[in-house]
Amino acid sequence: MSVVNKVRINARTITDKEFFYGHKACAGCGGSLAVRHILKVLGERTFTVLPAGCMSAVGFNFPQLCFDSNAIISTFAGTASMMSGIAAGARALGLKDYHVVGIAGDGGTADIGLQALSGAIDRREKVIYICYDNEAYMNTGIQKSGLTPFGARTTTTPAGENIKGTVTTKKNMFEIVAAHGIDYAATASVGYIQDFINKIQKASEVDGTSYIHVYAPCPTGWGTETDVTIDLAKEVVDTGLWVLAEYEQGEFRLNRNPKSFAPVENYVRRQGRFKHLEDEDIAAIVHARDAKWEQIRNSWKLK
Amino acid sequence: MNRPALRKYVNPQYLSDLPEGPCYDAGHLVTVNAGWRTRKPVLDSEACTGCYICYMNCPEGVIFKSDGKVDIDYDFCKGCGICGNGCPKDAIVMIREGEA
């Protein structure tokens, strides 16, 4: 991946400044790690929009304010419309050298905020929309969202004798967004943090709308230990259940094309939300994965 | 300091003590998170090679660079253990809070 006219940001060159500090997210939160790096990469001159969700709930607790750059809470459905408004305001004021970023959860992106996001992409607003995907409405108490995967137990899709948790599958937000003909879209995972940083940096240089979908484990909602967040976020990519890819200039490009996948069983069995799944359910997950990868390898550009 | 500093909260006495908007300035921190911890990361500076994996993976941002190695801001560490789990040199170990 090429980054033009700028120092490539990595562990040694990234700013020492922290813009998301002292927040009240649960220990081991993947979403807050994503927010931390987004703000570090984009820098001080960034307008951040957060809809209702974990990151606004843990960042703004009067009198505590954990964002050290300009941040505002939007309506749940209005992340992308508020970003559009800020971008218009900044243009009218003649501001230079700034970024407008929206950081929404999976529910705020795939369900509630989808319409506003679609409109912003359609208008080619110069904004960066980032969805941190923890696969349910965690802030309100782990309800199923449009991005909850098959088989996951949530409070609105409990696992019982007849129905084993979520019966639907994840919406494919990446391809939904790409279908708009967006300028830049990418998927990432907090388990591959350098890849994520590269993509944020690339998005910041795009003249138009960009969208990044970052996979961010939630120990509280997923029923896992707090110290395995990064391991899970790596493993989901290695198992092939989450694909690292980019979309630009009308083409999909796969960033990682593993020769063989890590076993899905290990990934699933270590999470409380999948505890009730039986071998045949895991086989169904593997089957769906293989079908998706076949389609990807046949039609996307392989790196 | 590259992180927002902790400040003392003074109860407002007059209306003019309150901020004009629904919040104070950016980075207005008045409470710590140290009380959340049941486990605490302990760093062995000798073993640390300064790879910064823990620095990059800390969701709180409480691990900071110091003389080519790292150090920990215990005021805001929640003790999740990601740093200890990911350290390739085992330079960070998690101990029970209250021990040592």
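Please treat every number below as a calculation from the coordinates, not as lab data. Computed from a prediction, not measured in an experiment: that's the story for all the values here. Methodologically, a virtual Cβ is constructed for each residue, glycine included, from the backbone with ideal geometry; neighbour enumeration extends over all protein chains shown.
Shown in residue order for the stretch B:68-80 are the 3J(HN,Hα) couplings computed by the Karplus curve 6.51 cos²θ - 1.76 cosθ + 1.60 at θ = phi - 60°: x, 10, 10, 9, 10, 8, 6, 4, 10, 6, 9, x, 5 Hz (x for Gly and Pro).
So how do A:Asp97, A:Asp183 line up by other beta-carbon neighbours within 10 Å, fewest first?
With the fewest neighbours first, A:Asp97, A:Asp183 line up as A:Asp97, A:Asp183.
From other protein chains only, count the Cβ atoms within 10 Å of every residue's Cβ in A:128-140, then give the mean.
Working: counts 0, 0, 0, 0, 0, 0, 0, 0, 0, 0, 0, 0, 0.
Mean number of neighbouring Cβ atoms from other chains: 0.
The eigenvalues of the Cα gyration tensor, multiplied by 5 and square-rooted, give the stretch A:149-303 an equivalent ellipsoid with semi-axes of 28, 17, 15 Å from largest to smallest. Near the amide H of A:Phe20, within less than 5 Å, lie the amide hydrogens of A:Asp68, all on another chain or at least 5 residues away, with H placed in the peptide plane. A simple rule links phi to the HN-Hα coupling: the Karplus curve 6.51 cos²θ - 1.76 cosθ + 1.60 with θ = phi - 60°, which for the stretch A:177-193 gives 5, 4, 5, 6, x, 4, 5, 8, 9, 8, 10, 8, 8, 5, x, 10, 5 Hz, with x for Gly and Pro. For a straight C-alpha distance cut-off of 16 angstrom, the aspartates and glutamates reachable from A:Lys144 (same-chain residues fewer than eight places away being disregarded) are A:Asp106, A:Asp111, A:Asp133, A:Glu135.
Dividing the Cα radius of gyration of the stretch A:4-58 by its Kirkwood radius returns 1.00 for Rg/Rh. May I ask for the distance between the Cα centers of the stretch A:158-206 and the stretch A:233-268, given as a whole number of Å? Comparing the Cα centres of the stretch A:158-206 and the stretch A:233-268, I get a distance of 11 Å. Rounded, prolate or oblate: which fits the stretch A:164-237 when a ≥ b ≥ c are the square roots of the eigenvalues of the alpha-carbon gyration tensor, with rounded for a/c under 1.5 and prolate only if a/b beats b/c? Oblate.
Could you tell me the convex hull volume per residue, in Å³, taken over the Cα atoms of the protein assembly as shown? Don't skip to the answer; put the middle values down first.
Working: hull volume 63.6 nm³, N = 403.
Considering the Cα atoms of the protein assembly as shown, their hull volume per residue is 158 Å³.
Projected over every direction and averaged, the convex hull enclosing the alpha-carbon atoms of the stretch A:69-227 yields 10.2 nm². Relative to the dominant Cα principal axis of chain A, helix A:229-238 is inclined by about 70°. Any of A:Lys202/A:Lys301; A:Lys234/B:Lys69; A:Lys24/B:Lys65; A:Lys17/A:Lys126 with alpha carbons more than 27 Å apart? Name them for me. Flagged as over cut-off: nothing, all pairs pass.
Sorting the segments B:9-22, A:255-268, A:20-33 by their mean number of nearby beta carbons within 10 angstrom, highest to lowest, gives A:20-33, A:255-268, B:9-22.
Amide H contacts for A:Gly165 (H built 1.01 Å from N in the peptide plane; partners 5 or more residues away or on another chain; cut-off under 5 Å): A:Ala159, A:Gly160.
Per residue of B:22-32, count partner chain C-beta atoms within 10 Å of its C-beta, then hand back the mean as an integer.
Partner Cβ neighbours, averaged per residue: 6.
With +1 on the Cβ of every Lys and Arg and -1 on the Cβ of every Asp and Glu, and nothing else charged, how large is the dipole of chain A about its Cα centre, in debye rounded to the nearest 20? Could the numbers behind the result be given before it?
Working: 33 positive and 32 negative charges, 118 e Å.
Approximately 560 debye in magnitude.
Taking the inverse of the mean 1/r over every pair of distinct Cα atoms in the stretch A:1-130 gives a Kirkwood hydrodynamic radius of 15.4 Å.
Only alpha carbons enter this Debye calculation for the stretch A:242-303, each as an equal point scatterer, and the log10 of I(q)/I(0) it gives at q = 0.26 Å⁻¹ is -1.09. Restricting the calculation to Cα atoms, the stretch A:75-117 shows an Rg/Rh of 1.06 when the hydrodynamic-style radius is the Kirkwood one. Computed over the stretch A:68-144, the percent of Cα pairs more than 21 Å apart is 28. Which of A:Gly53, A:Gly272, A:Gly160 ends up with the largest GNM mean-square fluctuation for chain A, with Cα atoms connected below 10 Å? Taking springs between Cα atoms under 10 Å, the residue moving most is A:Gly160. Computed from backbone phi with θ = phi - 60° and the Karplus coefficients 6.51, -1.76 and 1.60, the 3J(HN,Hα) list for the stretch A:54-70 is 3, 5, 7, 5, 8, x, 10, 10, 3, x, 6, 9, 8, 8, 9, 9, 5 Hz; x is used for glycine and proline.
Computed with the Debye formula from one identical point scatterer per Cα of chain B, without solvent, the log10 of I(q)/I(0) at q = 0.17 Å⁻¹ comes to -0.79. For chain A, set up a GNM with springs between Cα atoms under 10 Å and report which of A:Ala188, A:Ala288, A:Ala159 has the largest fluctuation. The residue that fluctuates most here is A:Ala288.
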